[in-house]
Structure formats: structure tokens, C-alpha cells
1. Conditions: (1) over 21 Å from the mean Cα position of the chain (by Cα); (2) surrounded by 19 or more Cβ atoms within 10 Å (Cβ to Cβ); (3) closer than 13 Å to residue 340 by Cβ. Residue 398 meets all but one. Number of the miss?
2. For segment 235-339, which helices (runs of 4 or more DSSP H) that fit wholly inside it have 3 or more residues that are surrounded by fewer than 20 Cβ atoms within 10 Å (Cβ to Cβ)?
3. Please state which of the following conditions residue 364 fails to meet, knowing it meets all the rest: (1) out of contact with any Cys (no Cβ under 7 Å at 6 or more places or on another chain); (2) touching a residue at least 12 places away in the same chain (Cβ under 8 Å); (3) not β-branched (Val, Ile, Thr).
4. With the structure loaded, tell me whether residue 141 is of a type outside the set (Phe, Trp, Tyr) and either crowded, with 23+ Cβ neighbours inside 10 Å or in contact with a Gly (Cβ under 9 Å, 6 or more places away or on another chain) (or both) or whether it fails that test.
5. Condition (residue is modelled with pLDDT of 85 or more and either hydroxyl-bearing (Ser, Thr, Tyr) or touching a strand residue (DSSP E or B) at 6+ places or on another chain (Cβ under 6 Å) (or both)) applied to segment 160-171: is it met by at least one residue?
6. Is it true that residue 382 is small (Gly, Ala, Ser) and buried (at least 21 other Cβ atoms within 10 Å of the Cβ)?
7. Hey, among 228, 219, which residue is in contact with a Pro (Cβ under 9 Å, 6 or more places away or on another chain), β-branched (Val, Ile, Thr) and over 23 Å from residue 141 (Cα atoms)?
8. Where in segment 70-175 are there helices (runs of 4 or more DSSP H), lying wholly inside it, with at least 2 residues that are of a type in the set (Gly, Ala, Ser)?
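The values are calculated or read from the model by the stated rules, or taken from the named source; none is laboratory data. Worth saying up front: this structure is predicted, and the values here are computed from it rather than measured. Methodologically, a virtual Cβ is constructed for each residue, glycine included, from the backbone with ideal geometry; neighbour enumeration extends over all protein chains shown.
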Amino acid sequence: MDPAQEHHSFVAVDARTLETVAPAPEPRTDRDLPSPRPRGARAPNAPAAVAGPTDGAPPLDFTGTAPGAGEPESSNRWIWAVVVLSIGGFMSVLDSAIVNVAIPVIQKDYGSSTDDIEWIATAYSLALGVIVPVSSWLGDRFGMRRTYVWSLIAFAATSMLCGLAWDLTSMVVFRILQAIPGGILPVVSLTMLYRVAPKEKIGAAMAIYGLGVVFAPGVGPTLGGYLVDYVDWRWIFFINGPAGLLGAILVVFAMPEFARVKPKKFDVWGFVTIAPAMFALLLAVSEGQSWGWTGYRITGLLVGSALLLALFVVIELQVEHPLLDVRVFLRWQFTNSLFLITALSVGLFAVVFYVPIFLELGQGRTALNTGLIMLPEAIAMAAAMPLGGKIYDMIGPRLPTLLGLAIAAWGTYLLCGINSEVTAGDVILWTCIRGFGNGLGIMTIMTAGLAVVPAHQLNDASAINNVVQRVSAALGLGVLTSMATSQQAQLLADRSPLLESSGMSVDPRLGEMNDQGAVGLIPLWEELQVQTLAEAYSNIFLVIAVVTGIGAVMALMVKAPPDSADGSADAEPRMMAH
């Protein structure tokens, strides 16, 4: 190793590494004992950097002492690093939430059909499914900090291109490019968080990080509604430009260097199977409603995806350097956390999706007004997260997980009371209860799951966690939308005879009315549509409440992660200054 590089580097060290690298001490007499050394200085015989080269910038010492030195940590500089990391996660999630608000306006500007304009969101999701499994390898290959910085810059640049798109084709192409860094950011940032935060403060660190990730879906409709109504829809993309560049600059000054592990060989066959599998699955979810869930196209996509995923697992268990180490699923605490995250993620995105639709279509509210009604839910989540993190650090994850899921289930059950006469105050109260439960539990669940993962599998676990969240949210939303549509059609079919007796004929499949002279009954028809929409959504919220309640029962199996400070096999890698 180059001496200059040896002098300034952060390296990941655990007990196993020291056993293999540190030379055995020679017997010494009292005369050979070293004099007391300053805090944070390296002992004369301490091992030099044991990992690969770093990215080359001056390091930051967050702890002030080498791990295992027995001295208490005195610096809270890790907090600033976590805050900077939350910028990337916030931008990635916000983009998905904010774009949905502008879809109708973009469709009008481009003169596109409804089916075509949906590819703005669909293309982004499909590209994410392909890039997220590779994110772990990219972080190892190029260094986590370098990958994170360049992903922020690329996300800012591609967002600006989206804002400059001149037609639907260019927009879809730029959205695919935007999804590449957008998929890398959450995976790399989550891995980096576990490297910078002290082990005993990981609950608080995840709470800070989660403020950005979970706050984004709530603030997205409000910010998007304001930009669409009062500025220009293109600014939903332009705002990512300065935000991404600022985040990249902050990372350079606030984030330490990380020792890069020796780059592993790229798992070509693993990528060849997982990429089309995720593409087929997400395409089926996105187009299931339009193409028909029982049609041959959707069935073929789902069967093909399942076969490719099975082949991927077989390949990953055989190769020496898997693209994603699927053995992480053998840890029940991690696997259970994925089930619980799925329950909360589906509910979170479903409520953010269906409630605004009802407020706008059912009650005629503007996009900005709808966003303001949804904003308190995000505030409630933000208020609950520090509390959940504090409870986690004090007594472990079981209590905040159980309370969070139970409260979220209660709040979702209250939303079953939605109807044409529901007030904004009722919606705010019900969603705030849900938001408080989500904030209390969602990052606690994720923290508990990742805390039991060994250091060498953390990148893979972060990628798998991200894939599961996105796929479960998309799949859950697709299935629930299909249920809501079929229920609404059935409800219209059951009640249409009441209108037909007054001279109207109704096609429940299309939700259209054929007027045969009964123009005065049009308000009654519109009221019937609102009622059936509310009843269909009410049934959907009941399903979500039941699933979340089942998650609360599964939360009883959540355990506090074992203390690995003794240098066991699961010990987390730490950063050490030399």
C-alpha cells in the first residue's frame, strides 16, 4: 500500500480480520511498554490498513478512537453524515410520489392517451427493477461514497433532462435514465448508514434517515400540487437539479471514506436471470389492469418471472461471488422484517394513492387542496420516527414494531368510514393515526432486520430490502386497484336498475350512462358513482387493515439483535483512522 494512502484511510475491521492480519505480540518487559498515547492515535504496533484502497479524500474520525479500545465515543458527527445520506433517499422516493400528481397535466400538454402517459411511471419502475439488484456490486466495485456521489449528480442531471423533455418518447427515455441512479441511491445510502452510525445509536440513525424516506410520499402530493397549480409541471423535475448537486457537495465534506473490499467478479448469469425476472414481474403488475389479470400476456409474464427467479436462486447458491447473496433469507429476523415491511409499504402507498383520488374525483378538490389534506400524515410520521428510534435503542424493536403495526391497522380501519360526505378533518385524523403508526414501526422493522445481517452481506441485504419494498408496493397496488375496479363495476351493476326505471341505461363495465331523456337525474347518477367509489375503496382499506393487523401479530416474533460487540461472526464493520 502506498504510504500516503496508508496514512489517511478508513477501513472496515472486525475481530476476524484482526486475527488474520495482526501479528502475534512478542513477550515484553515493563521497559518495552509504550507510553500513554493521545486519544485517537494509532498504537505503534497497530495493524495498517487491511482492506483495499479508499477513494482518496481525507477521512473523518467520528468516534475519536479505534473500535474495541474501550473508550466512550465523544463525537456526534455521525448525525450529520446520516442527515446527508437521507437526502438521496428522500429525492428518490419523492420523485415517485410527486410525478403522479402531474400526470394529468403532462398528458394534456403532450396530447397523449391515458394508456400511453402511464409509461412515464411504468418505465421508471421497470428500470428500477433492473438496476437495484446491481447496486450492491456497484458499491463494492467503485466504492460506496464515490458511487453515492456520482449517483446524486446523475440523478440531478437526468431529472433536468426530464424537465426539458419535448414529447412523450423523450420523457420515457429520460425517465429510464433517471431510474438508474434513482435505484442505486437507496441501496448504497442504507449500507453507508450502518457503517457511519455507532451500533448503540443505530435506532436513532435509522429514524433520522427515515424522516426523509417516509416523509417523501406524504409531502410529494402537496409540493407537486403547488408546482402544478401555480408554477409549471416541469419544476417537479427541475427541483432535483440543485438538490442533487447540494447533496453531492455535502457528501464530499461530511462523509468519511470507506475501505473498498476487493471487487468481486460480476455475476453475469445472476444478472441475466434476475433482470428479466424483475422486468417481467413489474410489467405484469403495471399492465395487469389494462391487459387483464387472467389474459395470456399477464399469465406468461408472471410464470416467466417465477421460473427466472427460481433459476436465479439456484445460480446464486452455486457461484463463488453471487450478485445477491440469497442465503441472507436463512436469517428469520431479516425475512420476517421483509413480511412486515411489505404490510406497511402496501398500506402506505395505497392510502397515498386512493385517498387523493377520492378527494379529487369524489369531492372535486384541487391537487393542492388534496396535498394539504395529506400533509399532516407525513408530519405525524416524522414525529413518531424519533420516538420509535429511541425506544429501539432503549429496549429493542419488539414494542415499537407491535405498537406501530397495531396503530397503523386501527387508522386504516377508520378509513373504512370514507364516504361522499366525509370531511377533511376526518380524513386528516384517520391518516394521522395511520401515519403515526407507520412512523413508529417502519424504520424500526427495517433496522431490526438489517441488524442481524453480517457485515459481508449488508450490501446484499440492503438491495434485497429495497427490491422487496418497491415490488411489494407495486404488486399490492396493482392487485388492490383490480379489486377496487371490479367491485365498483359490480356495485354499479347492482344499483343500476334504480336508474334504468327512471329512463337511464347504465353500462357498469364502462361506468357510463346512456341518457334517454332523464337529464334531471344526472346528479343522482354522479352521486351513485361517488358512493360506489367510496364503498369500493372502503373495502380496500378493510383488506389493508386486516393484513396490517396480521403483521402486528407477527411482530411478537421480533427479537432484539444479538450483541455482536464481542467480535462474533456477525460483528458490524467499523471505521478506524490510521
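1. For residue 398, the failing item is (2).
2. 240-254, 268-291, 296-318
3. Unmet condition: (2).
4. No; evaluated as a whole, the condition is false for this residue.
5. Scanning segment 160-171 turns up at least one residue that is modelled with pLDDT of 85 or more and either hydroxyl-bearing (Ser, Thr, Tyr) or touching a strand residue (DSSP E or B) at 6+ places or on another chain (Cβ under 6 Å) (or both).
6. Considered against the rule, which asks whether it is small (Gly, Ala, Ser) and buried (at least 21 other Cβ atoms within 10 Å of the Cβ), residue 382 comes out as no.
7. Of the residues listed, the single one that is in contact with a Pro (Cβ under 9 Å, 6 or more places away or on another chain), β-branched (Val, Ile, Thr) and over 23 Å from residue 141 (Cα atoms) is 228.
8. Here the list reads 77-110, 119-142, 144-163.
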